1. Sorted from fewest to most neighbouring beta carbons within 10 Å, what does the list C161, C177 look like?
2. How many nm separate the modelled label positions at D297 and L463, each set 7 Å beyond the Cα in the direction of the Cβ?
3. Would you mind telling me the antiparallel percentage of the DSSP bridges in region 47-136, rounded to 5?
4. Filter the GluC sites (Glu not before Pro) in region 17-73 to those in DSSP coil with at most 16 other Cβ atoms within 10 Å of their Cβ, and list the result.
5. Which chymotrypsin sites (Phe, Trp or Tyr not before Pro) does region 95-126 hold that lie in a coil by DSSP with at most 14 other beta carbons within 10 Å?
6. ³J(HN,Hα) across region 116-126 via Karplus (A = 6.51, B = -1.76, C = 1.60, θ = phi - 60°), whole Hz, x for Gly/Pro?
7. Tabulate in residue order the Karplus-calculated ³J(HN,Hα) for region 331-339, using 6.51 cos²θ - 1.76 cosθ + 1.60 with θ = phi - 60°, rounded to whole Hz; enter x for Gly and Pro.
8. Quick check on the exposure proxy: order Y430, Y76, Y350 from fewest to most C-beta atoms within 10 angstrom.
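Derivation of every value follows stated rules applied to the coordinates shown; laboratory data play no part. Please read all numbers here as calculations on a predicted model, not as lab measurements. A quick note on method: Cβ atoms are made from the backbone with ideal geometry, for glycine too, and the neighbour counts reach across all protein chains shown.
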Amino acid sequence: MNFDEYRTYDATGLAKLVADKEVSAAELLALARERSAAVNPRINAIVRDVPAAPTDEVTGPFAGVPFLVKDLAQDYAGLPTSSGSRALMSLKVAEHATVVQRWLDAGLVIFGKTNTPEFGAKGITEPEAWGPARNPWNLDRTPGGSSGGSAAAVAAGIVPCAGANDGGGSIRIPAACCGLVGLKPGRGLTPNGPVTAESMHGAAVQGVVSRTVRDTAAMLDVLAGGEPSGPFAPALPDAPFATAVGRDPGTLRIGVRVPSAITPHPDREAFAAVEATVQALTDLGHHVEELPEAPFDDAALAKEFLLTWFAYVAWEVADAKARTGAGDDKFERDTLIMAALGRATGSVDYVDAVQRRHEHTRRLSAFFESYDLLLTPTLATPPPRIGEFDLPVPLQRASDVLLKTRTTRLLGFTNVVDDMVDKNLGWVPYTQLANITGRPAISLPLHQTSAGVPLGVQFVAPLAGETLLIELASQLETALPWADRVAPL
C-alpha cells in the first residue's frame, strides 16, 4: 500500500484491511509516520511522539489503525501531558486516561500527541510552548482549537481519525475549520477519568474528529459508557451508535438561526453555509424554518460561559504551579490575564453563573418541544489567520504592567477584556450552548468558502440525541459526499 491508497480509507476501512490480512498494522504505522515526516514540519500538528510497536496479535474493532491523542486531558502513562503549557512540558503522568485505555483496547495504534492551546482555553491552536498548528487547507490560517492539532493531522491525511475533546466547541470548531466531522457527545456519555470525574462541571467531554460519519459513530461506541470512579452511569442506546449510519432519520423539523447577540452580522460565508444546508435538507424532505430569534439568551450565556471559563483557567494555573513549582514566567500572557480575571470573580458570582445554566437548558428544552434539531453555522467567519488574535502591542504592554505590579483588578478598566472576548467568541458564538446545556451537537463539512477553505455547519440535538445526529449526518454525507476532498497541502 502507498500513501495515495492509504488516504482513501477511513479508520473503519483500514481496520477491515488489517482484519482481512490485506495489510499489516506495521505497514499502516509506517505510512502514517512517513506522512507525518513529510507534512508535520509545515502544519505542526503532532508535538510529541508516543512509542508504538504494533503486532499482528492486536485485537479490537480498530485493530492496527494508526491514531493520535490530544495533549490535553488524554493522558498517556509515562509521558507528560503538557496541556499546551511550558509549565507542564516535563511532568510525566502515571496512568492512562480512561479514553486512551479504551482506544488501546479497541486496537488503535497510538503514536503521537497533538498540539493544543494552553489549557485548551482558546478556539485557536497557537501555544508558545509548541508554536502554532496550521490548517492544511491554507497554511496561513488556523485549524481551530482547542483540538487543532488533531484536526490538522486528520485533514493532512496523517491519520483518518484522532482524539479530541470539547469544553466550549473544541471538537466542532476545528472540525469546521478543517473540513471534518466533529461530534460533541452529550454530558457524561464519555468518561473523563480516572483522575477527573467531570471537567468544567460536565461541560467538557471526550470524542474524536474524523473524515466520515461511520468512523465518528463507531468511535463513540468505543468511548461511551461510565467507569468505576465516575460520577454516574450514563444511559446508553438500545443499539450501537454505528447501526444508526445509513438509517433513515424520518422527516425532521429543524429550526435555523444565523445571527447571534455576540456576532449580529456574521460573514456572508456563514450565511452561505447554512443556505446550502437548508436547500439540501429541504431536498431530502425535511422541514426547515428560520427562527426570528435565538431559542436562548445568547448574550447572557456568553457572559456566564466566560466568567466560569476564566475561573477555571485560574484553577488550571494554580494547579500547575502547585504540581511543578512553576512561576508566572512559564505561562502565556493571555492565560495569566484570564486567570487574573478568574481570581477576581467572587465565589457567589461564580456559583450564580453555574446555576443560571439551567435557565438556558430549560429554554432550549422548550425549543425542542417544537423542533427536532437546531441548525447554525459552526463558525461566524472563515478560519482566521495565524496571529490574528494576538493582543495589539499597546494592550500587551498595559497588561504586562498590570500583571507585574499585581494590579490586575484594573484590567476591567482597559480594553484588554473586551478585546479578548471579541476575539475569543466573536468568530465562534454558536458552540458554547451545547456545552453549557449538556446537549449533543455535531459539525459537518457541508461548505467551502470562495477561497477554498472549509466552514462547517452545526446541528444541536436534545438529550440522548446522538443517534439522531448520526442518522442525519449519514444522510447528508450520502447526499453531499465530502470524504474524498483532499486538502491542497
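1. Numbers: C161 30, C177 36.
Result, fewest neighbours first: C161, C177.
2. Each label point lies 7 Å from its Cα, and together they span 2.3 nm.
3. Among the beta bridges of region 47-136, antiparallel pairing accounts for roughly 40 percent.
4. Numbers: sites: E22, E27, E34, E57; in loops: E22, E57.
When the GluC sites (Glu not before Pro) of region 17-73 are filtered for loop state and at most 16 Cβ neighbours within 10 Å, E22, E57 remain.
5. Within region 95-126, no chymotrypsin sites (Phe, Trp or Tyr not before Pro) qualify (loop, at most 14 other Cβ atoms within 10 Å).
6. Going residue by residue, I get 8, x, 4, 6, x, 8, 9, x, 10, 10, 9 Hz, with x marking Gly and Pro.
7. So the Karplus estimates, Gly and Pro as x, are 10, 6, 4, 4, 5, 5, 5, 4, 5 Hz.
8. Numbers: Y430 32, Y76 23, Y350 17.
Least to most surrounded, the residues fall as Y350, Y76, Y430.
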